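The values are calculated or read from the model by the stated rules, or taken from the named source; none is laboratory data. Treat the numbers as computed from the prediction; the structure is a model and nothing was measured. Note that each Cβ is placed from the backbone with ideal geometry, even for glycine, and that neighbours are counted across all protein chains shown. What goes into the accessible areas is simple: the full protein's heavy atoms, side chains included, and nothing from ligands, DNA or RNA. Shrake-Rupley method; radii C 1.70, N 1.55, O 1.52, S 1.80 Å.
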Amino acid sequence: MANLVKTDIEGIINELNMSPDDVMYPIFETVVNSIQAIKERFDDVKQGKITVEVERDITQMDLFNRYENYPIKSITIKDNGIGFTADNCRSFEYAHSTKKVSIGGKGIGRFAILSIFNTISIDSIINVRNVNQRVRFGLSRKAGLTNPHYENTTQPVCTTIVLNDLNPNFSKESSKYSHEKIADSVLSHCLLYYLNGDSPQIEIIENNMIINLSNQFSPKDFVKHTITETIKDKKFTWYFVKDARANYHELCLCGHNRKVKGKRIDKIYPIFSSPEEDSGLMFYYKVYVVSPYLDSRVNMSRNEFNFPKIKNEEEEEQKEELDIDVQKLIVEKDIDVKTIEVIKALFPELVNDRIKTVQNRVNSFLSSDDGLEYRHLSLDETFFASLSDNIDEKDLDDAFHTYQYKKSKEARKKRDKLFKRDYSNKEDYQQLLKEVVDTTTQEGLSRLAQYVSHRKTIITLLEKYLNWSEENNNYEEEEVLHNLIYTMGGNQDTIPYDKHNLWLLDDRLTFHRYIYSDKMIKSHIPTEGSTSKKETDIAIYDTTYYYGEKNEYSEINSVVIFELKRPDRTVTYEEFSKQMREQILGVQEGNLKDYNKANVLVGKSTPVFYYYVVDANAYSMFLKNADFEGFRETPYKSLMRMNGCIYQEILTYRTLLINAQRRNKVFFKKLGIE
């Protein structure tokens, strides 16, 4: 008898792959076996009784301090069922026994127990021809099954099973289960027996404290709704059971009268996340789903279902194109979808009220600056149903981001489909074309809205900084303003064109190819041959190559240089002219190369645009002597001078700010962020 089981124990245990999350499985398995033994002995299951006694390992203080419970040391289960008769003993000898196959037995429950407890001791008193007989034997992971010992006895029929020597890998998880939580778990696992009025008395005992599960649950008090529906011609029943001690609504998929798998309902239907109220008592639902189909799909360990797998996501989305047999398959997602339909049918007012609550929060979010980039999205009922009615702003932003990504992905698929489509069906083609154009336009509006919102933020920061500086007469070094416009030490390789803020100075600079910031001119890639040591704050080289062409002489079209001067600093025309001359000559004497290292020319005829940004005091000084220096004031409050092909302009930071505000005002107004 021992060798029949011992040989395959480790192999079977490894195949079962039990995890720490399954630490309660041994209790579930033995309790259900006890229920079945009681039903086999008594016509009235109410004559049966099961006790589950928990013993803790009080030496594990570290786990106690962390979880307020010692880990489990052993479990003792007693019942007054039929016991280990000759037939039951023979069934116990064989792996994958088929004795209980009609009621969902897999024949390997004891091996799943051995994954968690290393030894199982069995002491069973049975009745044989009106004589009570005691049979004792054990099963261990190492030694296998011991030979049974028989003796006559006058003690009443009962069976005691002791699960001992907990696998250390499960100690931590077992510490998370208090006496009450163990009782709740057993009740949840076996609740269908109570729903069907088919349960014996079950007690969970620890330190002489008894929790009677029959006192914990009465179907008429706790079962609020029972719904039967079909999924692809298969019958399913949903039991909505209220649970005042739960922390969330739970969907429990069941097989053979026991819970196999649970999941949070708010993960599949977030709008159904808050608790319900009944006579002032707040509670959550445990929704038990039963079906002969689920019975047939329970795996060997009874901790998961073997649902059929659709090959990939694309096939799942295009089920109508699959063959008939695949369309008839029921997967877990089908049960989730039907569960949502059942919830909507049972609680229409509640669902609608919560959707309205979410809609109000969504509208409030979209009207804020944070929601600007999502205003273009067309939101449908599925989006609102995907949000919890108590969602916060951060999670709402995440939900919008996910929804936008989903819509963008759908749009890409439609574009790909459009590009592959011929013109044979003009009506179909035109409809698809319209959808693609509409979606692409919405995506563009979203990106434009984000970029314009970014500009609004930068302009506001610049305004606040200038106001603070003027009010407090306290000016930092030019690095503060410099980094607001363009990161010091950056170039076009380190800062993408849409990340800098050179548009503050001139919108034409937004897409310029060569941009260098606060580096010596001789280190600029386009001027590798230069010997000049003079630094510019910002130097911009605009080549036609960036726009897809060079002129026939391989010349750079223009050179643009900005100087940002620290506010509250005295600057003279002499300093201005000297600095400008050194910088322009430094550029002109270099042998410029484009990003392909091809030579390009900057000659004396190449236009140079030189901008000098100063504070109001310095500008006033320049203005006094403007006529003598050949400058004239423009309508935009700047000083302008032309010397040959060199254009020079002096302006203030306030002028820079006002002009940027004016250029962008119409965009801010359109987006409602003035």
Worksheet item: Scanning for something open to solvent by less than 20 Å² (accessible area, probe 1.4 Å) and modelled with pLDDT of 85 or more, does the stretch 89-110 turn up at least one residue?
Response: no
Item to complete: Mind counting the residues in the stretch 131-145 that are surrounded by fewer than 17 Cβ atoms within 10 Å (Cβ to Cβ) and modelled with pLDDT under 90?
Response: 2
Practice prompt. Filter the stretch 620-648 down to residues that are free of Cβ contacts under 8 Å to residues at least 12 places away in the same chain and in a strand (DSSP E or B), then give me how many there are.
Written response: 4
Item to complete: Would you mind stating whether F170 is buried (at least 17 other Cβ atoms within 10 Å of the Cβ) and within 24 Å of I343 (Cα to Cα)?
Response: no
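Matching residues to (1) modelled with pLDDT under 85; (2) small (G, A, S):
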{"position": "K578", "(1), (2)": "no, no"}
{"position": "L592", "(1), (2)": "yes, no"}
{"position": "V608", "(1), (2)": "yes, no"}
{"position": "G630", "(1), (2)": "no, yes"}
{"position": "Q648", "(1), (2)": "no, no"}
{"position": "R654", "(1), (2)": "no, no"}
{"position": "F668", "(1), (2)": "yes, no"}
Item to complete: Kindly indicate whether Y284 is within 18 Å of F236 (Cβ to Cβ) and either surrounded by fewer than 16 Cβ atoms within 10 Å (Cβ to Cβ) or modelled with pLDDT of 80 or more (or both).
Response: no
Worksheet item: How many residues are of a type in the set (V, I, T) and open to solvent by 20 Å² or more (accessible area, probe 1.4 Å) if we restrict to the stretch 266-281?
Response: 1
Response to the item:
Subset of the stretch 326-346, residues open to solvent by less than 40 Å² (accessible area, probe 1.4 Å), in contact (Cβ under 8 Å) with a residue 40 or more places away in the chain and not in a helix (DSSP H, G or I), comes to I330
Worksheet item: Among the residues of the stretch 147-160, which ones are in contact (Cβ under 8 Å) with a residue 24 or more places away in the chain and open to solvent by 60 Å² or more (accessible area, probe 1.4 Å)?
Response: N147, Q155, P156
Worksheet item: T237 versus (1) closer than 29 Å to I330 by Cα; (2) part of a strand (DSSP E or B); (3) open to solvent by 40 Å² or more (accessible area, probe 1.4 Å): which is the lone unmet condition?
Response: (3)
Worksheet entry | Selection within the stretch 616-668 - β-branched (V, I, T) and loosely packed, with under 14 Cβ neighbours inside 10 Å | T634, V666
Fill in: Answer residue from the stretch 501-513, given it is modelled with pLDDT of 75 or more and either under 36 Å from the mean Cα position of the chain (by Cα) or part of a helix (DSSP H, G or I) (or both) and is nearest to A660 (Cα to Cα) among those
L504
Worksheet item: Of the residues in the stretch 161-210, how many are in contact with a strand residue (DSSP E or B) (Cβ under 8 Å, 6 or more places away or on another chain), closer than 24 Å to K46 by Cα and acidic (D, E)?
Response: 3
Worksheet item: Cβ-Cβ below 9 Å, separation at least six or inter-chain, first residue in the stretch 198-225 and open to solvent by 30 Å² or more (accessible area, probe 1.4 Å) and modelled with pLDDT under 90, second outside any loop (DSSP other than H, G, I, E, B) and of a type in the set (G, A, S): which pairs?
Response: Q216/A183
Response to the item:
Of the residues in the stretch 266-281, those that are touching a strand residue (DSSP E or B) at 6+ places or on another chain (Cβ under 7 Å) and assigned to a strand (DSSP E or B) come to E276, D278
Worksheet item: Failed condition for L651, given (1) without any contact (Cβ under 8 Å) to a residue 24 or more places away in the chain; (2) over 30 Å from L372 (Cα atoms); (3) outside any helix (DSSP H, G or I), with all others met?
Response: (1)
Worksheet item: Any idea which of E373, E321, E304 is at pLDDT below 90, over 21 Å from the mean Cα position of the chain (by Cα) and either among the aromatic types (F, W, Y) or more than 26 Å from K263 (Cα to Cα) (or both)?
Response: E321
Worksheet entry | helices (runs of 4 or more DSSP H) fully within the stretch 158-222 counting 2 or more residues that are within 20 Å of C252 (Cα to Cα) and not acidic (D, E) | 179-189, 191-195, 213-216, 219-222
Worksheet entry | Evaluation of T441 against (1) assigned to a helix (DSSP H, G or I); (2) modelled with pLDDT of 65 or more; (3) of a type in the set (S, T, N, Q) (one fails), failing number | (2)
Worksheet item: Mind checking which residues of the stretch 38-50 are surrounded by 18 or more Cβ atoms within 10 Å (Cβ to Cβ) and under 11 Å from I202 (Cα atoms)?
Response: G48, I50
Worksheet item: If we keep just the residues of the stretch 126-156 that are among the hydrophobic types (A, V, I, L, M, F, W, C) and assigned to a strand (DSSP E or B), which is farthest from C89 (Cα to Cα)?
Response: V131
Worksheet entry | Matching residues, the stretch 123-137, being more than 18 Å from N147 (Cβ to Cβ) and polar (S, T, N, Q) | N127, N130, N132
Discussion item. Tell me the residue from K181, K242 that is surrounded by fewer than 17 Cβ atoms within 10 Å (Cβ to Cβ) and not acidic (D, E), please.
Written reply: K181
Worksheet entry | Test set (1) surrounded by fewer than 20 Cβ atoms within 10 Å (Cβ to Cβ); (2) part of a strand (DSSP E or B); (3) in contact with an Asp or Glu (Cβ under 9 Å, 6 or more places away or on another chain); (4) touching a residue at least 40 places away in the same chain (Cβ under 8 Å) - K263 fails condition number | (4)
